[in-house]
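Student: There's a structure below that I have some questions on.
The values are calculated or read from the model by the stated rules, or taken from the named source; none is laboratory data. Note that the coordinates shown come from a computational prediction; the quantities given were computed from them, not determined experimentally. Note that we place each Cβ from the backbone using ideal geometry, even for glycine, and neighbour counts take in every protein chain shown.
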Amino acid sequence: MSSLSGYIEQNPQETQRLVGLKSEQLEQLINLASVLHSKKQAEAEARKIRIINKGGGRKVKLSIEEQILLTLVYLRHLTTFQLLGIQFCMM
């Protein structure tokens, strides 16, 4: 979990200022995105013809929630990718 998501959980009143959405809207967005992501992955797996065993490839470093937060923070504040990497523990 990034420090930002922990901060938002402890201070939901700051969500609007940090990402541009109210806390309830952010929760709805994360829930809907998680459902859609799961559905799309299941569809892709059903159509996929595997050459390499399942589990290969690069592992995802950020959860869906953190990916959404990173995108919203970038769009809201236009910070550099270096600062985003530090903020979301990607370095």
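Student: Any chance you could count how many residues in the range 56-74 are out of contact with any Ser or Thr (no Cβ under 8 Å at 6 or more places or on another chain) and over 15 Å from residue 33 (Cβ atoms)?
Tutor: Of the residues in that region, 6 qualify.
Student: Taking the range 12-46 only, how many residues are hydrophobic (A, V, I, L, M, F, W, C) and free of Cβ contacts under 8 Å to residues at least 12 places away in the same chain? Even if it seems obvious, please write down each step before you answer.
Tutor: Restricting attention to the range 12-46, the residues satisfying the condition of being hydrophobic (A, V, I, L, M, F, W, C) are 18-19, 21, 26, 29-30, 32-33, 35-36, 42, 44, 46.
Then keep just the ones that are free of Cβ contacts under 8 Å to residues at least 12 places away in the same chain; that gives 32, 35-36, 42, 44, 46.
Going through the range 12-46 one residue at a time, the tally reaches 6.
Student: Can you confirm whether residue 5 is more than 22 Å from residue 86 (Cα to Cα) and hydroxyl-bearing (Ser, Thr, Tyr)? Reasoning before the result, please.
Tutor: Working: more than 22 Å from residue 86 (Cα to Cα): no; hydroxyl-bearing (Ser, Thr, Tyr): yes.
When the stated conditions are applied, residue 5 does not pass them.
Student: If I ask for residues that are without any contact (Cβ under 8 Å) to a residue 40 or more places away in the chain and either of a type in the set (A, V, I, L, M, F, W, C) or part of a helix (DSSP H, G or I) (or both), which ones from the range 71-91 would you list?
Tutor: First, the residues of the range 71-91 that are without any contact (Cβ under 8 Å) to a residue 40 or more places away in the chain: 71, 74, 77-86, 90-91.
Those that are without any contact (Cβ under 8 Å) to a residue 40 or more places away in the chain and either of a type in the set (A, V, I, L, M, F, W, C) or part of a helix (DSSP H, G or I) (or both): 71, 74, 77, 78, 81, 82, 83, 84, 85, 86, 90, 91.
Student: Does residue 11 satisfy the criteria of being surrounded by 10 or more Cβ atoms within 10 Å (Cβ to Cβ) and modelled with pLDDT under 95? Explain how you work it out, then say what you get.
Tutor: Values: surrounded by 10 or more Cβ atoms within 10 Å (Cβ to Cβ): yes; modelled with pLDDT under 95: yes.
Judged against the criteria, residue 11 is a match.
Student: Which members of the range 43-79 meet the condition of being of a type outside the set (Lys, Arg), exposed (fewer than 10 other Cβ atoms within 10 Å of the Cβ) and modelled with pLDDT of 85 or more? Let's see the steps before the verdict.
Tutor: Restricting attention to the range 43-79, the residues satisfying the condition of being of a type outside the set (Lys, Arg) are 43-46, 49, 51-53, 55-57, 60, 62-75, 77-79.
Still in the list and also exposed (fewer than 10 other Cβ atoms within 10 Å of the Cβ): 44, 46, 49, 51-53, 55-57, 60, 78.
Those that are of a type outside the set (Lys, Arg), exposed (fewer than 10 other Cβ atoms within 10 Å of the Cβ) and modelled with pLDDT of 85 or more: 44, 46, 60, 78.
Student: Please find, within the range 80-91, the residue that is modelled with the lowest pLDDT out of those that are surrounded by fewer than 12 Cβ atoms within 10 Å (Cβ to Cβ) and not β-branched (Val, Ile, Thr). Reasoning before the result, please.
Tutor: Of the residues in the range 80-91, the ones surrounded by fewer than 12 Cβ atoms within 10 Å (Cβ to Cβ) are 80-82, 91.
Still in the running and not β-branched (Val, Ile, Thr): 81-82, 91.
Values: 81: 93, 82: 93, 91: 73.
Checking each candidate, the answer is 91.
Student: Go through the range 26-67 and report how many residues are under 30 Å from residue 15 (Cβ atoms), part of a loop (DSSP other than H, G, I, E, B) and out of contact with any Leu (no Cβ under 8 Å at 6 or more places or on another chain).
Tutor: Number satisfying all stated conditions: 4.
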